[in-house]
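First the structure, in the form of structure tokens, and then the observations on it.
The values are calculated or read from the model by the stated rules, or taken from the named source; none is laboratory data. What you are looking at is a predicted structure, and each value in this text was computed from that prediction instead of being measured. Here Cβ is always computed from backbone atoms with ideal geometry, including for glycine, and neighbour counts include all displayed protein chains. What goes into the accessible areas is simple: the full protein's heavy atoms, side chains included, and nothing from ligands, DNA or RNA. Shrake-Rupley method; radii C 1.70, N 1.55, O 1.52, S 1.80 Å.
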Amino acid sequence: MDRHYNPGTIEEKWQSFWDANQSFRVSDEDEGREKYYVLEMFPYPSGRIHMGHVRNYTIGDVVARYKAMRGFKVLHPMGWDSFGMPAENAAIQNKTHPAAWTYANIDIMRAQLKRIGLSYDWERELATSDVSYYGLEQRIFLKMYERGLVYRKQAFVNWCETCRTVLANEQVEAGRCWRCGEEVTQKELPQWCFRITRYAEELLEGLEGLTGWPEQVITQQRNWIGRSYGSEIAFRIENSDDSITVFTTRPDTLYGATFMSIAPENPLAVQLSSGTSQAGPVRDFIARVLKQDKTVRSSDDLVKEGVFTGAYCINPVTGRRMPVYVANFVLMEYGTGAVMAVPAHDQRDFEFARAYGLDVRVVIQPEGAPLDPAAMAQAYVDDGVLVNSNRFTGMHNREAMGAITDYLAAQGLGRRTVNYRLKDWGISRQRYWGAPIPVVHCPRCGIVPVPERDLPVVLPEKVSLEVLGRSPLADCTEFVNTACPQCGAAAQRETDTMDTFVESSWYFARYACPDLMDAPLDPARVNYWLPVDQYIGGIEHAVMHLLYARFFTRVLRDLGMLDFDEPFTNLLTQGMVCMETSSCANCGWLFPEEVQSGACTRCGGEARQGRTEKMSKSKKNVVDPEKLIAQFGADTARLFCLFAAPPEKDLEWNEKGVEGSFRFIQRLWRLAEENADLLEHVNAGSYGEPAPGDDAGRAMRRKTHQTIAKVTADIEKSFHFNTAISAVMELVNHLYQFVPHARNHAAGTQAFREAFDAAVLLLAPMAPHVCEEIWQQLGRAGLAGEQPWPTDDPAIAAADEVQIVVQVNGKVRGKLSVDAAAADDRVRELALACEHVQPWIQGREIRKVIVVPKKLVSIVV
RNA sequence: GCCCGGGUGGCGGAACUGGUAGACGCAAGGGACUUAAAAUCCCUCGGCCGCAAGGCUGUACGAGUUCGAUUCUCGUCCCGGGCACCA
């Protein structure tokens, strides 16, 4: 046994071993062992691994290694979400090509991941920017197109007039372009969309079955889909054959509808006003509202504004004329882009009516004081009984919702509907570094999908990224100019690329068959490995990524590529990695190494400690995993990530805590090294019963088996590695105490070996390098990681004496040690006789005595 | 505003289905070893009172249920996250 623990040497040795032996490669054949698919969200190759990755991937790795020791056949793959905007920005900045930048990053990050000792099947590695990936994605796109799941529509995008370019939401800062500061406006452009709304109901209902997901994520998805039941009601436009249809969840208030509000984007706004004196004001109003970017328009304090269109529609039940207004708070994307306004019973309509002097008609009366429209200070939105509602007067409003809708339906003026907040997924990006949308625009045939035989549509290499106003692909003539696949005429390729969320919506299935070249997925292999048994990633993906992946899984199912509904059976959302921030008046944010004993090392000024926040480059509160590993080794980095907090909580980084984890590993090593003579050349499996009367040996074995049970339960139940590690720490502490006994008793030596081997195996998934090394240096057969997971023997773990707490009136007054098998009556007797308890019960009447077996006795006096 | 989480020592965090609050680790203090330091080992460590035995108090705050509440119920305050004019 080596004298000192040398993480650098050991880790390099085992990482090379795993590489050379392809230790974590799995075949796709069913070998009788149960499969287990564990997956961590793949990273964007930004350049370097950060602590959030280390934490995420360590958690996944422990699960993978643990399940393997439990006898599962484990699939644990890794890849790269390698399309995206940062590559283009970096390319412009560094005058390189996005591909060069991306693939260089991948090489760096792959090497970094290997240095953490993660048990990936690298044979299955994939990168979404490889044509072998996105080319197959284009096939999925075509199949979706055939099924009507893809369509094109005019949609508003953020637009900077100065830069003449489309901006992503995150490129808009306080309503202005991030690059030039110009005010961002909304511009209507044709956009490709996926019809996710077709699956809205199924996606919502599927949530019920996701028992392995955190409640929080389920709720967020439910709110995002936002189902609401209501009615569609048609309002005839005065002097016209047309009508305006609205969606409302409150058909019961129809008799109180006194005007109509429509969204500025609603084409009716211009239509209705044209030819009237209101045409000018309406046009101006729309132009002004559309100039505001989405964040401004949806901000809290936006004043409700509107303008009369000059037109009226007719309330179908009262026959009253309702002026039609364009209003800035009405959303085109929700419902029908038009709202029947009931000022008495809707707060927004109320405010609007007061501002523009419109009628307020009460139609729902609460119990007690009747409402007076003139005196109301706010809308009455709660339940009540209908008034002023003709035949429905007197009916409870809940009942009236259905009754009024049915009445309208009978006349063809309305129907019950379900409306969703969820919108179709706009996938068009006017960007270079993404998957080309495989479509051709032909002057004669219109939109023609690229036939499957002509796929993939390869992203051209030579493009200029600095052109403005359109996708860089639009300027690449050899890409754009093509022949129409249908008629052969000169045509142009679509130059939009796909949202990168498309790639991450099916990569988890592709890992089952990454070698397949002529189809995206091999149903047999996908159905064998999937669904993913355990998916692990950041909570920030609670809605978008996880919803899109669920959508895609259903689409792929309907395309016959797989046959399950939900992609991820269990989901673990891990918390962020946080650290204290530091700053100095002169130099701003400081890196941790720029602070020494409270002073800034750059200017000598005072370094102030800020709040603890998520590690980020901008705040400089970061720890570089590479440096950390160089100093302490990967096992320490892993152990600390697991020990400092349970996975779902935020982890507070603490340099001293890292040293503590390092010390613990050294403590384990030293225990082996100092007692190698006792431990060497013995194999697990046969640890004899300690000699009768060997209490210390018995206690050691009890601790061992209790620890095995505890660690196993902590991992199985909730992946609470922090408590699992603390249990092993206790075992190791116990082992140190036990050394003298182990040296003097043969049976004690056995118990010592049993406990030590258990400690090493229990830690093997968490600190794999050092555990393998100890296992090997002590001459154990095989690899630690290939040993069966230790099993606990409840008979050995059971205590033969238990401590009983004695309470008097709920306060702890005494403690007793009692034979575990003692009868309740006997325990009760001992408790009452206990010397510490006597003073509290003497001379008082004992009303009740409660005996909880093996726990406590509660005496009520 | 609405919907989810969450408030436990100096710090990170433990506590099974209501049963000894503070496991484990960090920090701190004291001691041993050392010429010295590091490393290591031993002891102390929620607060208050007490020489001690021991007592009182304590899981954001206020009530309640219970023999017994960090755990269950109601109310209040604070922090974090998500959504937000959704008709």
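Extending 7 Å from the Cα toward the beta-carbon at both A:ARG236 and A:SER718 defines two label points whose distance is 6.4 nm. FRET efficiency for the pair A:VAL303 and A:ARG391, taken as 1/(1 + (r/R0)^6) with r the Cβ-Cβ distance and R0 = 30 Å, rounds to 0.15.
In region A:676-797, a dipole from Cβ-located charges (positive for Lys and Arg, negative for Asp and Glu) runs towards its positive end, and of A:SER718, A:PHE738, A:ALA751 it is A:PHE738 whose Cα lies farthest in that direction.
Rolled with a 1.4 Å probe across the full set of protein chains, the surface gives A:GLU188 an accessible area near 90 Å².
Got the relative contact order for region A:183-299 handy, in percent, Cα pairs under 8 Å and 6 or more residues apart?
Taking the mean separation of contacting Cα pairs over the length of region A:183-299, I get 25 percent.
Under the convention that each Lys and Arg Cβ holds +1 and each Asp and Glu Cβ holds -1, the size of the dipole of chain A around its Cα centre is about 1380 debye.
Taking all protein chains together and rolling a 1.4 Å probe, A:ARG813 ends up with roughly 70 Å² accessible. For region A:71-222, the calculated P(r), taken from all Cα-Cα distances in 5 Å bins from zero up to the bin holding the longest distance, is 2, 7, 9, 10, 12, 18, 18, 14, 7, 3, 1, 0, 0 percent. Accessible area of A:GLU786 (1.4 Å probe, protein heavy atoms only, ligands and nucleic acids ignored): about 130 Å². Once the chain from A:ALA798 to A:THR477 is taken as fully extended at 0.36 nm per residue, the excess over their C-alpha distance is 107.8 nm. Approximating the spin labels as points 7 Å out from Cα along Cα→Cβ, the A:LEU331-to-A:ASP359 distance works out to 3.0 nm. Ordering A:SER817, A:SER23, A:SER858 by accessible surface, largest first, gives A:SER817, A:SER23, A:SER858; the 1.4 Å probe counts only protein heavy atoms, with every chain in place.
Looking at region A:304-354, the accessible area is 34 square angstrom per residue; that uses a 1.4 Å probe and ignores ligands, DNA and RNA. A simple rule links phi to the HN-Hα coupling: the Karplus curve 6.51 cos²θ - 1.76 cosθ + 1.60 with θ = phi - 60°, which for region A:279-287 gives 4, x, x, 4, 4, 4, 4, 4, 4 Hz, with x for Gly and Pro.
Taking only the Cα atoms of chain A, how large is their convex hull per residue, in Å³?
Working: hull volume 228.0 nm³, N = 861.
Per residue, the Cα convex hull of chain A comes to 265 Å³.
Taking 0.36 nm per residue of separation and subtracting the Cα-Cα distance, what length does fully extending A:GLU829 through A:GLU31 add? Numbers along the way, then the final one.
Values: separation 798, 0.36 × 798 = 287.28 nm, distance 5.95 nm.
Length gained between A:GLU829 and A:GLU31: 281.3 nm.
Would you mind checking which residues have amide H under 5 Å from A:THR245's amide H? H placed 1.01 Å from N; only 5 or more apart, or other chain. Sorted by chain and number, the residues that satisfy this are A:PHE235. Listed by chain and number, the aspartates and glutamates placed with their C-alpha closer than 17 angstrom to that of A:LYS95 are A:GLU461, A:GLU466; residues fewer than eight positions away on the same chain are left out. Translational diffusion of region A:676-797, estimated by Stokes-Einstein from the Kirkwood radius over alpha carbon pairs at 10 °C in a medium of 1.306 mPa s, is 110 µm² per second.
Considering only Cα-Cα distances, which of the following residue pairs are longer than 29 Å: A:LYS153/A:LYS291; A:LYS67/A:LYS656; A:LYS656/A:LYS815? All intermediate terms of the calculation are to be shown ahead of the outcome.
Working: A:LYS153/A:LYS291 20 Å; A:LYS67/A:LYS656 31 Å; A:LYS656/A:LYS815 37 Å.
As for pairs spanning more than 29 Å Cα to Cα, those are A:LYS67/A:LYS656; A:LYS656/A:LYS815.
Subtract the Cα-Cα distance of A:LEU290 and A:ARG398 from 0.36 nm times their separation in residues, and report this length gain in nm to one decimal. Length difference between fully extended and current span is 35.1 nm. Counting only protein chain heavy atoms and rolling a 1.4 Å probe, the accessible areas of A:GLU238, A:GLU754 rank, largest first, as A:GLU238, A:GLU754. Across the alpha-carbon atoms of region A:434-535, the computed radius of gyration and Dmax are 17.0, 51 angstrom. Bridgeable lysines around A:LYS13 (alpha carbons under 17 Å apart, same-chain partners fewer than 8 residues away excluded): A:LYS114. Computed over chain A, relative contact order equals 13 percent, with contacts defined as Cα pairs under 8 Å that lie 6+ residues apart.
Counting only protein heavy atoms and a 1.4 Å probe, region A:193-294 has 44 square angstrom of accessible area per residue. Taking 7 Å steps out from each Cα toward its Cβ at A:GLN378 and A:ASP130 produces label points 5.9 nm apart. Relative contact order of region A:227-420: 29 percent, from C-alpha pairs under 8 Å at least 6 residues apart in sequence. Quick one: grab the alpha carbon gyration tensor of region A:466-619, order the square roots of its eigenvalues as a ≥ b ≥ c, and give me rounded if a/c is under 1.5, else prolate or oblate depending on whether a/b is larger than b/c. Oblate is the answer for region A:466-619, as a/c is 1.5 or above yet b/c matches or exceeds a/b. Once the Cα atoms of helix A:85-94 and of chain A are each reduced to a long axis, what angle between those two axes, in degrees from 0 to 90 to the nearest 10, is obtained? Its long axis makes an angle of about 80 degrees. Using the 1.4 Å probe convention, the accessible area of region A:676-797 works out to 38 Å² per residue with neighbouring protein chains retained.
If you take all C-alpha pairs in region A:227-420, what percent of them are over 25 Å apart? Roughly 34 percent, rounded to a whole number.
Can you give the FRET efficiency for A:VAL739 and A:THR249, using 1/(1 + (r/R0)^6), R0 = 60 Å, r = Cβ-Cβ distance, to the nearest 0.05? That gives a FRET efficiency of 0.25. A compact globular protein would have a Cα radius of gyration near 2.2 N^0.38 Å; the ratio found for region A:556-605 is 2.49. Rolling a 1.4 Å probe over the protein heavy atoms of chain A, with every protein chain left in place, gives an accessible area that is 49 percent carbon and sulfur.
What the Cα atoms of region A:801-860 give is an Rg and a Dmax of 10.4, 31 Å. Comparing A:ALA509, A:THR495, A:CYS584 along the charge dipole axis of region A:454-613, the residue lying farthest to the positive side is A:CYS584, per the Cβ-charge model.
Quick check: with the 1.4 Å probe, what order do A:ARG176, A:ARG667, A:ARG611 take by accessible area, largest first?
Numbers: A:ARG176 110, A:ARG667 75, A:ARG611 170 Å².
Result of the area sort, largest leading: A:ARG611, A:ARG176, A:ARG667.
Relative to the dominant Cα principal axis of chain A, helix A:655-674 is inclined by about 30°. Which FRET efficiency value, to the nearest 0.05, do you get for A:SER46 and A:GLU648 by plugging their Cβ-Cβ distance into 1/(1 + (r/R0)^6) with R0 = 22 Å? Plugging the Cβ-Cβ distance into 1/(1 + (r/R0)^6) gives 0.35. Since only A:VAL385, A:TYR255, A:PRO316 are under comparison, the one whose Cα sits farthest along the positive direction of the charge dipole of region A:227-420, derived from C-beta charges on Lys, Arg, Asp and Glu, is A:PRO316.
Here the ratio of the Cα radius of gyration of region A:198-272 to 2.2 N^0.38 Å is 1.60. The alpha-carbon positions of region A:553-701 define a convex hull whose volume is 267 Å³ per residue.
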